[in-house]
Each structure stands twice: as C-alpha cells, then as structure tokens.
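Working notes, beginning with the structure itself.
The values are calculated or read from the model by the stated rules, or taken from the named source; none is laboratory data. As the structure is a prediction and not an experimental result, all values here were calculated from the model. Cβ: placed from backbone, ideal geometry, glycine included. Neighbour counts: every protein chain shown. In case anyone asks, the SASA skips ligands and DNA or RNA and just uses the protein heavy atoms, side chains included. Shrake-Rupley method; radii C 1.70, N 1.55, O 1.52, S 1.80 Å.
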There are 2 protein chains.
Amino acid sequence: MSKGEATRERILDRAFLMAGRDGLDGLTIGALADELKLSKSGLFSHFGSKEELQVAVIDLAESRFTELVMLPAFKAPRGLPRFERIFEQWIDWVMDTRTPGGCIFAQAIAELDDRQGRPRDVLVQTQETLVDALAKSAQLAVDEGHFKKDTDARQVAFELHGIMMTLNMYTRLLKDRRAVDRARQAFKRLVQFHTP
Amino acid sequence: MSKGEATRERILDRAFLMAGRDGLDGLTIGALADELKLSKSGLFSHFGSKEELQVAVIDLAESRFTELVMLPAFKAPRGLPRFERIFEQWIDWVMDTRTPGGCIFAQAIAELDDRQGRPRDVLVQTQETLVDALAKSAQLAVDEGHFKKDTDARQVAFELHGIMMTLNMYTRLLKDRRAVDRARQAFKRLVQFHTP
DNA sequence: GATTTTTACGCACGCACGTTCTTATTTTCA
DNA sequence: TGAAAATAAGAACGTGCGTGCGTAAAAATC
C-alpha cells in the first residue's frame, strides 16, 4: 500500500467517527485535519471536495457494516439461525462504545433524507441493499420452514429495522440501559409470530 | 398579541420547517432572515442566541405534536381505541407533506443524541414525556381489558416508536409508497399479540 | 398627540468554512 | 542513485456564520 492510500485510510477512519458524532455536515475538514495533524489542503487533496469525502465515509460505513454484521452472520446456517445472528451482530454494531453518536447510518439517514446529491444517492443505495439483504435472509427462513409460509419477508425486514432504530435512540438519546432487553424482546416477539 | 410576539411566531413557524429539512445546526439565522425578509440582527434579537432559537423550535415541535397527535387521540375512549387513534394521528404527523425532511424529532434525535447542552436536554425531556404518554396509553388498554394483563406497557411503547421511526425513514429516504401499509401491518401485529 | 417602550435595521467584528493555487518535500521506481 | 511522480504544506481567496452595538422607525401607553 502506498503512502497516499495509508493516509487516506487514516483520514477516513477518523472521519467515520466524527461523522457519527457530528453528522456528515458537521464533519469538517479543518477539524479533521487538526485531529490528524495534517494541513487542511493536504487532507483536502485526497478527496477533491467535501462531498467526495462524505461519500467515502458512507462507503466505509457500508463496508464496515458488511464486515462486522453481515459476514459473521453468514457463517450461521441459513434460515432462522442466520437471521438471529444478524440481529445479534447488529446489536453489537449499534452499541459499540467506540463510536460516539451511535450508528452512523441513523445520523446520515436523518440528515440526507429529503435532500439531493451524490451522498444521498449513495446512502439510499446502501440502505436498499441492506433492506434487500434482510428480506432475503427472512425469506430463507421461510424457505427452510422456520417461518410460516405466508410470512412477508419484506415486512419482517421493516419491523427488524424499526427495532434497531429504536435501540439506537433509546441507548444514545435516552441512555436507557434496558434498551437492549427491549430490543431482544421485540425481536423474540417478531420471530415467535412468524414461527409456524 | 404584540407585534414582537407575532414576528416571533412567524419566525418559529419557518424555523420549524427549515430545521426539519436541514437539522437544528443547518438551521441558519442568515437564511432564515432572508426567507422572512428580515435582517439578521432583527431576527437574532428575538432569541439572543442560536441555541435559544433551537430550543424554541424544539418546544414548538413538542406543542405541535401534542396538538396534532395527542389531543385528538384523547377524544377517543381510553384503552385500545385511544391507542389506535394515537397511531393514526402519528401517521398523519410523519406523512405531512408540508414538512420536508420528515419528522423533525427524527432529525433532532440523530443530531443531538450524543452531545451536550440545553437543546439536547430539552429534546430528551420531550422524548421522555412522549414515551411516558405512550406507555400510559398502553397501560390504560391493559386496565380496560383490551390488552393482556401481563402486557409490558413500556415495551409496547418501545415497539410503537420503532414502527414510526421506520415509517419515517422508508417514506423520506427510500420513497417507499408501501411504507404506511407496512406500518399499519406492524401495528396490527403489535395489537394482536397483546390482545387477550 | 406626546412620550416611552418595543421592535427592527445597518454595519461591523472575528472566525471557520470549502476551495484553489504555488511550492517544498518525500516516495517510488528505472 | 537520480529522475519522475506522488504527497503534503502554506498562504490566500471569498463566503457565510453567530454575535454585538448604536440608531432609526414603529408601536404602545398615557
């Protein structure tokens, strides 16, 4: 790996944290440069524009999510075990104390939802991919006979998403220690409902 | 009502919209003044600081939510009818096409969740009040015999919250037309599960 | 209608933003 | 090792930010 690539990774690693706390707009080139002891222009030249930096952060977030949530889950047998594994890994992702501000997607979604531009387009793409993956995983549980035949996999994906978003909010905003229990209980009810 | 109060209301009305779209940080005094054809300093003098403006917007959001969601719901008989009415009014709140950026609370929650300061404190207060109200409403359904005796009202509040957050995201970010149906189905499942 | 109080403006300030150049330094590779 | 290429720094730009102050206009009060 060249020097440039290494620096770029170091920048993005920090940018990922800053964007989770302060949002993709709050993510500022000057502050980022200070924290990394780089010059503004030196940092800037790695991306060419702030928008590109934002896009790179979203891309990084997606690949980390895949790495930390989806890939481990795929080691579990398809169907319910894998679906449950996604849920548990996702909990770890949301509760990770190293990422202040909570799930970076929650930040980005609220920030970009009714705007225009490449960052939004990229985010929509990642979220659609995620929803598809969740639905597919739920559908596999149907196919394996773990869920009822008439289970609507996309509906299950919708509801799981809701559980995770609420977990994030209860934990980060309300500082509710019981949030994880609540999420687990909600998930249990979701699974139970669709179990034949 | 004095002239000053009228102007202040006019400012907040617009600020409410801007904050929903661009967030409480993206809410900017200069842009707000331009839209309202006021001078920056003239507008500023109504609040004394940007932070106070942000707090005023959160307060306005809460009172509007109470007015548009909770108060109408209280006309329904307590128990399940009222609980269902909260849900339906809340849908209207989230789907309101006059508010670009979707539910302003979704914005504010993501923005302020791991920060410090008065805006955050005020937001936490409003969200705790909301959660309490939801839980109380669910508890009334238990008391009236519409929900099972062992139903955990706060758990129901948690899950309802999740449905609404997901409705907001699917609608605003993913532009999914079926989001309302999904929300209704999730709600139906929630109610059904707790029905004796 | 005169006076006092309220409300709004104009201007300026210091600061941080994203961005663009030019220049110096470091890496890379023949 | 020396030439070429990649990387980082530095200084400067225009812009917009929140904020403070003195003053003019308007409204409220008597």
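Numbers at a glance
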quantity: Check on residue B:155, open to solvent by less than 10 Å² (accessible area, probe 1.4 Å) and either free of Cβ contacts under 8 Å to residues at least 24 places away in the same chain or over 21 Å from the mean Cα position of the chain (by Cα) (or both); calculated: yes
quantity: The one condition in (1) within 16 Å of DNA strand C (Cβ to nearest atom); (2) more than 14 Å from every other protein chain (Cβ to nearest Cβ); (3) out of contact with any Asp or Glu (no Cβ under 8 Å at 6 or more places or on another chain) that residue A:14 fails to fulfil; calculated: (3)
quantity: Enumeration of residues in segment B:1-17 that are of a type in the set (A, V, I, L, M, F, W, C) and open to solvent by 60 Å² or more (accessible area, probe 1.4 Å); calculated: B:1
quantity: Test: residue A:85 is more than 16 Å from DNA strand C (Cβ to nearest atom), open to solvent by 50 Å² or more (accessible area, probe 1.4 Å) and at pLDDT 95 or above; calculated: yes
quantity: Hits in segment B:132-141 - residues which are open to solvent by 10 Å² or more (accessible area, probe 1.4 Å) and either without any contact (Cβ under 8 Å) to a residue 40 or more places away in the chain or within 11 Å of chain A (Cβ to nearest Cβ) (or both); calculated: B:132, B:136, B:139
quantity: Residue check for residue B:27: within 11 Å of DNA strand D (Cβ to nearest atom), within 14 Å of chain A (Cβ to nearest Cβ), out of contact with any Pro (no Cβ under 9 Å at 6 or more places or on another chain) and within 22 Å of residue A:116 (Cα to Cα); calculated: yes
quantity: Hey, residue A:112 within 16 Å of DNA strand C (Cβ to nearest atom), under 28 Å from residue A:7 (Cβ atoms) and away from chain B (no Cβ under 14 Å) or not; calculated: no
quantity: Single unsatisfied condition, residue A:175 versus (1) out of contact with any Lys or Arg (no Cβ under 9 Å at 6 or more places or on another chain); (2) within 12 Å of chain B (Cβ to nearest Cβ); (3) more than 21 Å from residue B:176 (Cβ to Cβ); (4) surrounded by 24 or more Cβ atoms within 10 Å (Cβ to Cβ); calculated: (4)
quantity: Residue B:101 within 14 Å of chain A (Cβ to nearest Cβ), at positive phi and either open to solvent by 20 Å² or more (accessible area, probe 1.4 Å) or not aliphatic (A, V, I, L, M) (or both); calculated: yes
quantity: Any hit, segment A:139-156, residues being more than 20 Å from residue B:193 (Cβ to Cβ) and of a type in the set (A, V, I, L, M); calculated: yes
quantity: Residues (hydrophobic (A, V, I, L, M, F, W, C) and crowded, with 19+ Cβ neighbours inside 10 Å) located in segment A:18-32; calculated: A:18, A:19, A:24, A:27, A:32
quantity: Tabulated pairs, segment B:180-196, first without any contact (Cβ under 8 Å) to a residue 40 or more places away in the chain, second open to solvent by 60 Å² or more (accessible area, probe 1.4 Å), C-beta under 8 angstrom, 6+ apart or interchain; calculated: B:182/A:154; B:189/A:193; B:193/A:193
quantity: Evaluation of residue B:63 against (1) within 10 Å of the chain's Cα centre (by Cα); (2) crowded, with 18+ Cβ neighbours inside 10 Å (one fails), failing number; calculated: (2)
quantity: Matching entry among A:53, A:36, A:43 (being touching a residue at least 12 places away in the same chain (Cβ under 8 Å), within 15 Å of DNA strand D (Cβ to nearest atom), farther than 20 Å from residue A:108 by Cβ and crowded, with 19+ Cβ neighbours inside 10 Å); calculated: A:43
quantity: Search result, residues across segment A:19-31 that are near DNA strand C (Cβ under 8 Å from one of its atoms) and aliphatic (A, V, I, L, M); calculated: A:27, A:29, A:31
quantity: Segment B:1-21 residues that are within 14 Å of DNA strand D (Cβ to nearest atom), paired with ones that are assigned to a loop (DSSP other than H, G, I, E, B) and open to solvent by less than 20 Å² (accessible area, probe 1.4 Å) (beta carbon under 7 Å, 6 or more apart); calculated: B:15/B:27; B:18/B:27; B:19/B:27; B:21/B:101
quantity: Residue satisfying condition, being within 14 Å of chain B (Cβ to nearest Cβ) and modelled with pLDDT of 95 or more, within set A:19, A:56, A:76, A:33; calculated: A:19
quantity: Filtered residue count, segment B:178-196, keeping only those that are of a type in the set (Lys, Arg) and either open to solvent by less than 10 Å² (accessible area, probe 1.4 Å) or at the interface with chain A (Cβ under 8 Å from one of its Cβ atoms) (or both); calculated: 2
quantity: Residue under evaluation residue A:120, criteria (1) within 14 Å of chain B (Cβ to nearest Cβ); (2) basic (Lys, Arg); (3) outside any helix (DSSP H, G or I), criterion not met; calculated: (3)
